Structure formats: C-alpha cells, structure tokens
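Report on one structure; see the data block that follows.
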Amino acid sequence: MKFHYRAALALGFVLSAQTALLAAPAAAQQNYPERPVRVVVPYPPGGNLDITTRTITAAMARHLKQSMVVENLGGAGGSIGAGTVARSAPDGYTVLSTTIVPLVVNPVLMPGTQVKLDDFEPVGMLAVVPSVLEVNAKNSQGIADFKGFIENARKDPGAVALSHSGNGTTNHIAALLIERDFDVSFNAIPYRGSAPALADLLGNQVDAMIDQLNSSLPQIKSGGLKALAVTSAERVPALPDVPTVAELGKPGFEMVTYSALMTPKGTPLAVRQALNEALAKAVADPEVRRQLESTGAQVVPATIEQAGQLFEREQAKLRPLLDAGVFDPR
C-alpha cells in the first residue's frame, strides 16, 4: 500500500482540529473564570438574600481573582430571576443566588412557572436565616409581646395587617403556619421584597411584619421595631432575649430560609468546584462570618453534594404541605 503524504497531512490537520476542539472546553474550565461572573439575585435590593449574597460574593471574588457582579432581577416571587439563569449558558458565568422558594415553592403555588429545582446544578450553601415577627415599636395597639399580638389577632379575625416579602416566600409560609398553629387569621399583605414592606411598617401603614432577621435587625437594634419572636428552633445570638415561636406555645416550630448558589443544568463539575472552593474560603473568613452573624445569619459550609441534598430535603419536606393546600397563597 502506498503512503499518501498529502492525504496523511490532511488527516493530521483534521485530527489536530478535533483534538483542539475537545481540549478547548477543558482548558477553559481550567482557566475559569476568565471574565466577570454575573450573580443574579431574584429579589429587589436590600432584602435578606441580597445582603447575604453581596457579603459572600465580595469575598469569593478575591479568591477567584475575578469580579462577581450582583444583579437584582425581582418579580413573580423570584421566578423571573431564576428563569433568566436557567436559560443562560451553562458555563459558570451566570450564577443564581436563591432560596428554596423559586425552585421548590413557586412551581406548586404558581403552576404556570417554568422554573424548577431540576433546572439547576448546586454549587454550595450561603447561609441560613430565621424570620422574625415584629411590630413598630410605637404601634398604636400597644402590643408588647407575642402573647399580646396573638390575643389582638383573635379579637378581630382578619383585621391585623401583617406584611411579608411576597407570596410563597418563607416569611409568608411562616405567617400561615402561625395562623394555623395558633388558630388566628391575619390580613396577610404581600410586598415585592422586604425593603418596601419594612418602610410601611416603620410608617405604621401596617400592624406587623414577618421578615428575614438580617434585613430587619438594624431597625430592631435602633429601636424602631420591636421583635416579638423568631422562627428558628433555638434563640439567635443576635437577639438573645427574643423567644422562639416554639417556646411560645408550638414545640417543634421552625421555618428558616436556606440560601445557596446554583448554576444552570449542565454546568461542568470543574467549574462548580472552582466556585465551591471560593465559596468555602469566603465563609471561612472570620470577617465575613462576623458580618453575617452580626445580621442574624448563620454560615452553612457545604460541599456541592451536601448543598444539593439539603435543597432536595427541603423539597421533600414542603411538597406534601404545598400539595395539600396548607400554604394556599393570598
């Protein structure tokens, strides 16, 4: 058989090109990130998730040696921002910072939403934040504690205007659980995020609010708001004198907000590992931990696998309740 130099040379070019094409994604992953990373927060600025995300990603950026640009895309209970990320290229340059709400709660409460947990790959956990039931410190009803708040709500069912950060949020769910467990009825008013709801509570436009602790804590510390109870299983160090709902008559009561970073389905493991390593270093930083814990948030270090398992566990816990209509939105 004759050796055809030109044919072999041509074949060599083809094989080299194919090898280069195969090697390019791997090389890109090794050099990740080569440009700024967009981090989508699916809620307005100033809320729990926004505060946590900005604190942690600022530290992550130092370890990645690349900027992480936080963008707030609120609306539809977080589904708009989550959907934007789900439709993005799975290359690690668009990341979702989220709670369980857009990925677990919304698909049940809002059947038309196209976003679900399976559309994402886990990166790691950010923090866990309890909610706080609070009133204006100068409230016209003279409410001083949780017992007085419940008694006031029972006197006139549906009259107490209780604001929260949006239908289907963990704050909303906590309000509905308090209604169920203490046999009361509120006029639950949804807002587009914590910031506008807080403004109305401080202005005495509503009677009370359930909010993530880290977005309300500054106003509680300054004396503008009075915390009546927290929704965690145990008291929080930032408010050691404030009892838990469990202590106040419902043992076992707990409703907290887990937050995590997620990437679109199909994002390479190597890219997610790079993000997870930067995240682990960020939350291990004493100054980052101090900042988060001073707001009432607790750091939750987790591997990629543990983050995925926690969200799947929360989905398994909430799905039967959601399907049963316990959290019927209003």
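Using a/c under 1.5 as the rounded threshold, could you call region 29-89 rounded, prolate or oblate? The axes a ≥ b ≥ c are square roots of the C-alpha gyration tensor eigenvalues, and prolate needs a/b larger than b/c, oblate otherwise. Write out the running numbers ahead of the final one.
On the way: a/c = 3.39, a/b = 1.43, b/c = 2.37.
Here region 29-89 falls in the oblate category.
Quick one: compute the contact order of the chain, relative version, from alpha carbon pairs under 8 angstrom and 6+ residues apart, as a percent.
Rounded, it is 26 percent for the chain.
Would you mind working out the accessible area per residue for the chain, using a 1.4 Å probe, and quoting it in Å²?
Values: 14900 Å² over 330 residues.
For the chain, the solvent-accessible area averages 45 Å² per residue.
Only bridges whose two residues both fall in the chain count here: according to DSSP, what percent of them are antiparallel, nearest 5?
Working: 24 of 39 bridges.
Here the antiparallel bridges make up roughly 60 percent for the chain.
Calculate I(q)/I(0) for region 101-143 by the Debye formula, one identical point scatterer on each C-alpha and no solvent, and give its log10 at q = 0.15 Å⁻¹ to two decimals.
So the normalised log intensities work out to -0.64.
Roughly how many percent of the accessible protein surface of the chain is carbon and sulfur, given a 1.4 Å probe and a whole-percent answer? Provide the component values of the computation, followed by the final result.
Details: 8110 of 14900 Å².
Of the solvent-accessible surface of the chain, carbon and sulfur hold 54 percent.
If each DSSP helix of 4+ residues adds -39,500 (n - 2.57) and the sum is divided by the residues in the chain, what number results at 222 nm, nearest 500 deg cm²/dmol?
My calculation for the chain gives -13500 deg cm²/dmol from helical runs alone.
Within the set of other residues whose C-beta is less than 11 Å from the C-beta of Val132, count the net charge using Lys and Arg as +1 and Asp and Glu as -1.
-1
Rounding to the nearest 10 and keeping the result within 0 to 90°, find how far the Cα-based axis of helix 269-284 lies from the longest principal axis of the chain.
40 degrees
Under a plain spin-label model, where a point goes 7 Å from the Cα along Cα-to-Cβ, how far apart in nm are Ala199 and Lys265?
Output for this residue pair reads 3.8 nm.
State, as an integer percentage, the relative contact order of region 117-218 based on alpha-carbon contacts under 8 Å between residues 6 or more apart.
Values: 135 pairs, mean separation 39.0, N = 102.
It comes to 38 percent, rounded to a whole number.
Give me Rg/Rg_expected for region 79-170, where Rg uses Cα atoms only and Rg_expected = 2.2 N^0.38 Å with N residues.
Computed over Cα atoms of region 79-170, the ratio equals 1.53.
Too long at a 31 Å Cα-Cα cut-off: which of Lys138/Lys250; Lys250/Lys281; Lys116/Lys147; Lys116/Lys281?
Distance filter (> 31 Å) returns Lys250/Lys281; Lys116/Lys147.
Can you give the Kirkwood hydrodynamic radius of the chain from its Cα pairs, in Å with one decimal?
It is 21.1 Å.
May I have the pair-distance distribution P(r) for region 185-330, computed from all Cα-Cα distances with 5 Å bins from 0 and rounded to whole percent?
Binned Cα distances yield the sequence 2, 8, 13, 16, 18, 18, 13, 8, 4, 1, 0.
What is the helix-to-structure angle for 146-155, meaning the angle in degrees between its Cα long axis and the longest Cα principal axis of the chain, kept from 0 to 90 and rounded to the nearest 10?
Between helix and principal axis, roughly 70 degrees.
Dividing the alpha-carbon Rg of region 74-120 by 2.2 N^0.38 Å yields what?
1.05
When Lys and Arg each count +1 and Asp and Glu each count -1, what net charge do the other residues less than 11 Å away from Gly193, Cβ to Cβ, add up to?
On the way: positive: Arg192; negative: Asp50, Asp211.
With Lys, Arg at +1 and Asp, Glu at -1, the neighbours total -1.
Enter the mean projected area of the convex hull around the alpha-carbon atoms of region 93-229, in nm², rounded to one decimal.
Over every viewing direction, the Cα hull of region 93-229 projects on average to 9.5 nm².
Ranked from highest to lowest mean number of other Cβ atoms within 10 Å per residue, what is the order of the peptides 133-140, 180-187?
133-140, 180-187
Quick one: net charge of Pro243's neighbours, Cβ under 11 Å, K/R +1, D/E -1?
-2
The values are calculated or read from the model by the stated rules, or taken from the named source; none is laboratory data. Quick caveat, the model's predicted, so the values are computed rather than measured. Neighbour counts run over all protein chains shown; Cβ positions are idealised from the backbone, glycine included. Accessible surface is based on the protein model in full, side chains and every heavy atom, while ligands, DNA and RNA are left aside. Shrake-Rupley method; radii C 1.70, N 1.55, O 1.52, S 1.80 Å.
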